[in-house]
Amino acid sequence: MLLPVAIFGFAACGATRPNEQPQQEASGAISPTSQAPAMTSGPSHPRSATGSETPEAAVESWVTQILGGHYAEACLASAPVASPGEDPEALCSSPDVLKTGESLREAWAKPGVKLPPQGKVDVTGVTGEGDKVTVPDTAITLDGRTLRSLALIGSSGDTTSFSLTLDVQKLDGSWYVGNLNLNI
């Protein structure tokens with residue numbers, strides 16, 4: 001399958017692919033087949049990030065930040081639910097995270113699609129119990145179109161296995177986007 005976006009950029013933002021282990025190249029860059037650190041930082045690093053009242057609101061805010069080109073801010077908004085030991089400032093200012101944000105924006109911001117604030121990001125149909133839910137790209141719309149349909153514009157071949165999900169976590173009564181998962 002050929003997708004018109006830089007798929008390798010997704011990996012820098014906590015994208016995971018089934019049955020893959022992180023691999024670091026000699027240059028220090030994480031290879032395209034690896035699982036990189038999540039686009040978040042840990043509870044051991046208190047953040048001023050304000051969580052959301054619902055998983056839907058957390059995803060709407062995060063996607064809106066990405067679409068607005070505020071990649072580091074989207075990353076830092078996830079800081080409270082990250083793995084312990086991660087440095088949010090260093091992670092969120094890294095070229096890999098910024099490239100991932102740009103790749104996501106490129107995948108979703110298509111000609112003729114209104115971006116926020118004119119276009120609205122909506123999340124519907126989120127189900128799950130407890131303090132963690134997974135939100136599929138088919139549950140997230142921008143200007144009335146799912147993020148999956150936008151990401152697949154211009155793709156060729158069999159796209160049935162393509163999916164993108166966001167893990168959303170509740171911490172201290174507020175919801176935050178945690179990891180980005182990509183299956184191709």
Legend entry - In nm, spacing of pseudo-spin labels at residue 87 and residue 153 (7 Å Cα→C-beta vector): 3.9
Inset, instruction - Provide Rg over Rh for region 34-184; use the alpha carbon set for both Rg and the Kirkwood Rh (inverse mean inverse pair distance). - result: 0.95
Inset, instruction - Could you please state how large a percent of the accessible area of region 105-184 is carbon and sulfur, counting protein chains only and using a 1.4 Å probe? - result: 46
Inset, instruction - Report the local net charge at residue 58: Lys and Arg +1, Asp and Glu -1, summed over other residues whose C-beta lies under 11 Å from its C-beta. - result: -3
Inset, instruction - Please give the per residue accessible area of region 74-184, computed with a probe of 1.4 Å over protein heavy atoms only, in Å². - result: 47
Inset, instruction - Mind checking which lysines have their Cα closer than 22 Å to the Cα of residue 110? Skip sequence neighbours fewer than 8 apart in that chain. - result: 99, 120
Legend entry - Length gained when the stretch residue 53-residue 73 is fully extended (0.36 nm per residue, less Cα-Cα span): 5.3 nm
Legend entry - Check: region 79-184 dipole with +1 on Lys, Arg Cβ and -1 on Asp, Glu Cβ, in debye: 500
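The values are calculated or read from the model by the stated rules, or taken from the named source; none is laboratory data. Small disclaimer: the values here were computed from a predicted structure and weren't measured. Please note: Cβ atoms are built from the backbone with ideal geometry, for glycine as well, and neighbour counts cover all protein chains shown. Areas reflect the complete protein model, heavy atoms only, side chains present, ligands, DNA and RNA absent. Shrake-Rupley method; radii C 1.70, N 1.55, O 1.52, S 1.80 Å.
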